[in-house]
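The values are calculated or read from the model by the stated rules, or taken from the named source; none is laboratory data. As the structure is a computational prediction, the values presented were derived from the model and not from experiment. Glycine also receives a Cβ, built like all others from the backbone with ideal geometry; neighbour counts cover every protein chain displayed. Ligands, DNA and RNA are excluded from the accessible area calculation, which covers all protein heavy atoms including side chains. Shrake-Rupley method; radii C 1.70, N 1.55, O 1.52, S 1.80 Å.
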Amino acid sequence: MATWTTNEIAVDDFVLLASGIADKAWWRYLPEFDGELPEGSYIHQILGSAALRLDPISEADVDVSVGIRTAVGGNPVIATLSPGQSGTFPFDQTLIPVVGPLGEWDTVVIVKEQPVGGGTPVVRLEVTGMRVRFVISDEPPGPGPDPEPEGPTAYNCACDDEYPRTTLKQMRGRIATRLGFATQVAMGALPPGMAELLDDFIRNAQEMLYRRYPVFRMERFYSWEMQPGVRFYDFSANEDACQKRMDPRMVTWVGISQGDLCWRPLVCGIDPVMYGSPGPGIPTHYEVRQCIEVWPAPVDGTWVLRIKGHFGLLPLDNDGDETTIDPEAIFLQALANAKAHYGQPDAGNYAAQATAYVRSLIAGSHHTRRYIPGNAVVPPAVRPVMKES
């Protein structure tokens with residue numbers, strides 16, 4: 001590949017003046033670049049520098065982006081100038097090799113105002129000493145890098161998300177403070193046995209809320225690579241590396257797939273009579289007992305068992321363990337139980353708050369679904385007809 005660089009071309013000095021205009025772009029045409037590129041040549045890179053000066057009358061710092069506008073973009077350098085400041089800034093734009101008339105390419109100066117204090121900012125920017133060179137070669141544009149191979153389709157969000165949570169220690173301290181033990185919490189010395197009691201209230205509240213209200217249950221897909229002739233699969237043997245394990249009592253969909261395109265649901269329940277039918281084959285039924293059973297056993301290893309279900313509660317035993325469901329709901333429910341245990345009169349207030357808070361979460365879980373009651377049509381009344389005996 002033969003590569004050469006054009007002579008450095010000076011750009012006429014020019015001044016940009018703006019008042020109260022943000023994110024303004026000025027386009028400066030370069031007549032010196034008129035003309036076609038040499039036969040069979042391509043532009044690979046643009047090199048240049050620009051001397052900039054921001055007039056002292058300006059009332060704001062400005063971001064200045066200087067470069068060459070092209071049909072394929074580029075990354076101009078960005079400099080920040082304060083009133084009265086000047087400097088020379090280089091820019092270097094590497095392009096996908098392109099061919100085209102040089103006269104169609106312009107110099108771009110973009111001014112973005114950042115006011116300091118009140119008032120209308122005034123910008124007077126001088127562009128001096130700007131120089132530009134093109135790096136040209138005879139190598140035509142290539143097909144580009146090979147695209148990244150597509151991996152398997154993902155069916156789950158990240159294991160660790162930004163869902164609200166708090167540690168057991170933080171929850172215990174908050175409840176103890178509301179119970180009137182703020183001094184002991186600050187000293188780190190709760191009465192003997194109180195920490196264990198409050199921890200039990202917290203775990204009990206989380207368990208009760210999780211079992212009673214579906215809004216607190218989060219779903220994931222779990223998958224197992226099925227083996228020829230194998231009917232039984234352990235819950236913990238699924239391929240998901242996430243620590244959030246499926247709760248077998250909270251399954252919402254069960255099926256099998258062959259790759260990402262062929263999905264088949266499985267029917268819940270395996271009638272013992274079915275054991276007399278021949279196998280193996282393509283599984284059609286499943287049952288959850290101590291493990292997951294499918295029937296018939298898969299005939300080959302191309303199928304994947306997929307279960308959509310809610311993951312269970314994470315351990316909440318040590319001070320650093322975190323809550324699994326909404327911490328505010330746990331706090332209100334556990335606090336209401338604790339206040340009732342200690343005979344404090346405002347226990348009912350917190351129980352009512354917990355119920356109202358959970359109801360608001362349930363209302364929000366409906367998202368964009370709407371429920372419009374229907375209008376029943378009442379048939380006209382029929383006048384009774386008296387019959388003679």
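Listed values, structure above:
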item: So Ile325, is it open to solvent by less than 80 Å² (accessible area, probe 1.4 Å), touching a residue at least 24 places away in the same chain (Cβ under 8 Å) and assigned to a helix (DSSP H, G or I); result: no
item: Selected residue (criterion: least open to solvent (accessible area, probe 1.4 Å)) from residues of region 332-389 that are touching a residue at least 12 places away in the same chain (Cβ under 8 Å) and more than 38 Å from the chain's Cα centre (by Cα); result: Lys339
item: Qualifying position, being surrounded by 15 or more Cβ atoms within 10 Å (Cβ to Cβ), closer than 22 Å to Gly343 by Cβ, in contact (Cβ under 8 Å) with a residue 12 or more places away in the chain and of a type in the set (Val, Ile, Thr), among Val185, Val215; result: Val185
item: Some residue of region 354-377 being of a type in the set (D, E, K, R) and not in a loop (DSSP other than H, G, I, E, B); result: yes
item: Qualifying residue in region 273-295 (condition: touching a residue at least 40 places away in the same chain (Cβ under 8 Å), touching a Lys or Arg at 6+ places or on another chain (Cβ under 7 Å) and assigned to a loop (DSSP other than H, G, I, E, B)); result: no
item: Residue count, region 262-313 (criterion: more than 22 Å from Lys244 (Cα to Cα), in contact with a Gly (Cβ under 6 Å, 6 or more places away or on another chain) and surrounded by 14 or more Cβ atoms within 10 Å (Cβ to Cβ)); result: 5
item: Tally, over region 238-261, of residues that are small (Gly, Ala, Ser) and either open to solvent by 60 Å² or more (accessible area, probe 1.4 Å) or part of a loop (DSSP other than H, G, I, E, B) (or both); result: 2
item: Among (1) touching a strand residue (DSSP E or B) at 6+ places or on another chain (Cβ under 7 Å); (2) of a type in the set (Gly, Ala, Ser); (3) in a loop (DSSP other than H, G, I, E, B), the one test that Ala189 misses; result: (1)
item: Residue in region 258-267 that is touching a residue at least 60 places away in the same chain (Cβ under 8 Å) and farther than 30 Å from Arg172 by Cα present; result: yes
item: Subset of region 193-237 [at pLDDT 90 or above, of a type outside the set (D, E, K, R) and in a helix (DSSP H, G or I)]; result: Met194, Ala195, Leu197, Leu198, Phe201, Ile202, Asn204, Ala205, Gln206, Met208, Leu209, Tyr210
item: Test set (1) modelled with pLDDT under 90; (2) open to solvent by less than 70 Å² (accessible area, probe 1.4 Å) - Asp160 fails condition number; result: (2)
item: Top-ranked residue of region 311-339 - restricted to ones that are in contact with a Phe, Trp or Tyr (Cβ under 9 Å, 6 or more places away or on another chain) and of a type in the set (Gly, Ala, Ser), ranked as farthest from Glu219 (Cα to Cα); result: Ala338
item: Evaluation of Ala363 against (1) at positive phi; (2) modelled with pLDDT under 90; (3) of a type outside the set (Phe, Trp, Tyr) (one fails), failing number; result: (1)
